[in-house]
1. Do any helices (runs of 4 or more DSSP H) lying entirely in the range 15-107 carry at least 1 residues that are among the basic types (Lys, Arg) and open to solvent by 30 Å² or more (accessible area, probe 1.4 Å), and which ones are they?
2. Against the definition (open to solvent by less than 30 Å² (accessible area, probe 1.4 Å), under 23 Å from Gly45 (Cα atoms), more than 12 Å from the chain's Cα centre (by Cα) and among the hydrophobic types (A, V, I, L, M, F, W, C)), how does Cys146 come out, yes or no?
3. Tally time: how many residues in the range 122-137 are among the β-branched types (Val, Ile, Thr), more than 16 Å from Trp32 (Cα to Cα) and loosely packed, with under 14 Cβ neighbours inside 10 Å?
4. Among the residues of the range 73-95, count how many are among the small types (Gly, Ala, Ser) and within 19 Å of Arg7 (Cα to Cα).
Amino acid sequence: MQKTSTRILNTLFMNIPITLALCLFAQMLSVWKGQAESFRWSVFGLNCVVAYISATIIGLGIPSVPLGMAFARKFGAKEGTLPFALLLNLVVNTVYTLFLSIIMTFVNVYLLAGAPLPAVLFGVLENFIPIWIVCYIISLISAPVCQNLAIRLTES
């Protein structure tokens, strides 16, 4: 069982690449949709802060890692193997992407752009899969690095 301080630090570290990937890719999706003129660095910075805080609350408040571990074990994957990491990440990434997509789409579409509330639903539906794919890859790559760093800093 992991120490609480290790879990908190791992969450804080993991949220850096995840929120940066989410914000950068979401911005790229907007540009690809012809909305490049609406880009502002101040809004991008605000998005990064809101996404990081939201991801931290999600990571510490929803037990996605234990759920993901149980999911991976259910399929017979052994801890420390690639299949285990892939299955674990399916659950963790889905939880993060679902909540972050809803929160960030609400902030950008409803609060900042002033679009009607139903536009949030359509925005989430439209962008969920591409953002999920990007965040899955980023989290799969960065998870071991963040985990090892958190362990080194808290369990020495």
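1. Numbers: elements: 41-61, 64-74, 82-105.
Filter on the range 15-107 gives 64-74.
2. Details: open to solvent by less than 30 Å² (accessible area, probe 1.4 Å): yes; under 23 Å from Gly45 (Cα atoms): yes; more than 12 Å from the chain's Cα centre (by Cα): yes; among the hydrophobic types (A, V, I, L, M, F, W, C): yes.
Yes.
3. If we filter the range 122-137 for residues that are among the β-branched types (Val, Ile, Thr), which is where we start, we get 124, 129, 131, 133-134, 137.
Keeping just the survivors that are more than 16 Å from Trp32 (Cα to Cα) gives 124, 133, 137.
Okay, now just the ones that are also loosely packed, with under 14 Cβ neighbours inside 10 Å, so 133, 137.
Within the range 122-137, residues that are among the β-branched types (Val, Ile, Thr), more than 16 Å from Trp32 (Cα to Cα) and loosely packed, with under 14 Cβ neighbours inside 10 Å number 2.
4. At the first step, the residues of the range 73-95 found to be among the small types (Gly, Ala, Ser) are 76-77, 80, 85.
Add one more test, that the residue is within 19 Å of Arg7 (Cα to Cα), and what stays is 80, 85.
Qualifying residue count, the range 73-95: 2.
The values are calculated or read from the model by the stated rules, or taken from the named source; none is laboratory data. Bear in mind that the values here come from a model prediction, so they are computed numbers and not experimental data. A quick note on method: Cβ atoms are made from the backbone with ideal geometry, for glycine too, and the neighbour counts reach across all protein chains shown. For accessibility, only protein heavy atoms count, side chains too; no ligands or nucleic acids. Shrake-Rupley method; radii C 1.70, N 1.55, O 1.52, S 1.80 Å.
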